[in-house]
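One structure below.
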Amino acid sequence: SVCLKTSAPQQNRDIFLHQLHTFINYHHLKNVHFVAPSKYMYHALQYIGKFSSINLIHNGVSLPNEKTSYTKIILWVGRITKEKGLQNIIGILNDIAKLGELKIIVLGNGPLKQELEKKYKYIRFLGHQNPNLYYQISSILVCSSLWQEPFGLTITEAMSYGLTVLAPQIGGIPEIITDNQTGYLYPPGDMETFSSLLKETLDNSNNIKKTGDKARNIIAKKFTWEKTT
């Protein structure tokens, strides 16, 4: 707090805070063994604390027996907050829903839910639900995070059912999705790229199942609880 009250440039304050955090973390946690769920978090732990006792073990999911039925549903799952970025893509999704050929379903609660639900009438906001019930029927999962996702459990869950996932290239997400093979990545916050990518995906609907098959296969090979264990 003393540092933040000084007139030093922001960069100097950031450097000081990083050094302070590194010292505190290392002093108190140097004998702790860390398990990171992604390479992103692995390197973050090295950076913030200079910890040497870190293992990389991806989070696991249970591979379902059945794939999705690929009905015309685009799904968004998460806490409806600014850092999750739904407010950036929802206008694009609402325009798609207006056409009446696809349903857009949002699962989750959060401080932005009431405002967005009131403004975007063509989107179905269902609140907190068991997402597995919707992975079983949806075709596409869209993600919109603006913060560095430590891993991306929603993404692996959806892929395990064979959904095609569109997600930002941020945090641990690129470790799950291989762009243009097991899903599609776009620069975080780049709505123009997201919009064109979603349109291209919908225009080539035959590829949704093909991409979903590859996604499910990579989950079976790398991200099941058996692999994690």
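The values are calculated or read from the model by the stated rules, or taken from the named source; none is laboratory data. Since this is a predicted model, take the numbers as computed values, not measurements. Virtual Cβ from ideal backbone geometry, glycine too; neighbours counted across all protein chains shown. Protein only, heavy atoms only, side chains kept; ligands, DNA and RNA dropped before computing areas. Shrake-Rupley method; radii C 1.70, N 1.55, O 1.52, S 1.80 Å.
What Kirkwood radius, in Å to one decimal, follows from the Cα pairs of region 149-197?
Every distinct Cα pair counted, the radius reaches 10.9 Å.
If I compute mean projected area of the Cα convex hull in nm² from the structure I just sent, which labelled value in (i) 13.3; (ii) 11.8; (iii) 14.8 lines up?
Computing mean projected area of the Cα convex hull in nm² and matching it to (i) 13.3; (ii) 11.8; (iii) 14.8 gives (iii).
Counting helices only, and only those DSSP H runs with n ≥ 4, report the 222 nm mean residue ellipticity of the chain as the sum of -39,500 (n - 2.57) divided by its residues, in deg cm²/dmol to the nearest 500.
About -12500 deg cm²/dmol.
Students often forget the sequence filter, so: which aspartates and glutamates lie under 14 Å Cα-Cα from residue 39 once same-chain residues fewer than 8 apart are removed?
Partners found: 149, 175.
Under a 5 Å amide H to amide H cut-off, with H placed in plane at 1.01 Å, what residues pair with residue 186 once short-range neighbours are removed?
167, 169
For region 84-175, which GluC sites (Glu not before Pro) pass both filters: DSSP loop (anything but H, G, I, E, B) and at most 15 other C-beta atoms within 10 Å?
Within region 84-175, the qualifying GluC sites (Glu not before Pro) (loop, at most 15 other Cβ atoms within 10 Å) are 101.
Can you give me the convex hull volume of the Cα atoms of region 99-229, divided per residue and expressed in Å³?
123 Å³
For region 63-131, what number results from the quotient of the Cα radius of gyration and 2.2 N^0.38 Å? If you can, show how the numbers build up before the last one.
Working: Rg = 12.6 Å, N = 69, 2.2 N^0.38 = 11.0 Å.
So the Cα radius of gyration is 1.14 times the expected 2.2 N^0.38 Å.
With all protein chains present, how much of the accessible area of the chain (probe radius 1.4 Å) comes from carbon and sulfur, to the nearest whole percent?
51 percent
Just subtract the alpha-carbon distance of residue 205 and residue 136 from 0.36 nm times their residue separation and send over the number in nm, one decimal.
Details: separation 69, 0.36 × 69 = 24.84 nm, distance 1.76 nm.
Length difference between fully extended and current span is 23.1 nm.
Below 15 angstrom from the Cβ of residue 24, what's the summed charge of the other residues (Lys, Arg +1; Asp, Glu -1)?
Details: positive: 30, 50; negative: none.
Charge balance near residue 24 sits at +2.
Which aspartates and glutamates have a Cα less than 17 Å from the Cα of residue 103, not counting those fewer than 8 places away in the same chain?
The qualifying aspartates and glutamates are 95, 117, 203.
Can you tell me the accessible area per residue over the chain, all protein chains present, probe 1.4 angstrom, in square angstrom?
Details: 12820 Å² over 229 residues.
Per-residue accessible area for the chain comes out at 56 Å².
Got a sec? Which residues in region 182-196 would a label at residue 221 touch, if it sits 7 Å along Cα→Cβ and we count backbone N under 13 Å?
Residues 182-183 fall inside that zone.
Extension gain residue 147-residue 109, at 0.36 nm per residue separation less the Cα-Cα distance, in nm? Provide the component values of the computation, followed by the final result.
On the way: separation 38, 0.36 × 38 = 13.68 nm, distance 1.79 nm.
Answer, rounded to one decimal: 11.9 nm.
What span do the alpha-carbon atoms of region 1-108 cover on each of the three principal axes, reported in whole Å from largest to smallest?
Principal-axis extents of the Cα atoms in region 1-108, largest first: 56, 42, 18 Å.
Can you work out the Karplus-derived ³J(HN,Hα) for every residue in region 24-32? Use 6.51 cos²θ - 1.76 cosθ + 1.60 with θ = phi - 60°, whole Hz, and x for glycine or proline.
3J(HN,Hα) across region 24-32, in whole Hz: 4, 4, 5, 4, 8, 10, 5, 9, 7.
HN-Hα J couplings of region 87-93 from phi, Karplus 6.51/-1.76/1.60, θ = phi - 60°, integer Hz, Gly and Pro as x?
Couplings: 4, 7, 9, 5, x, 5, 5 Hz.
Using the alpha-carbon centroid of each, what span in Å lies between region 197-220 and region 56-98?
14 Å
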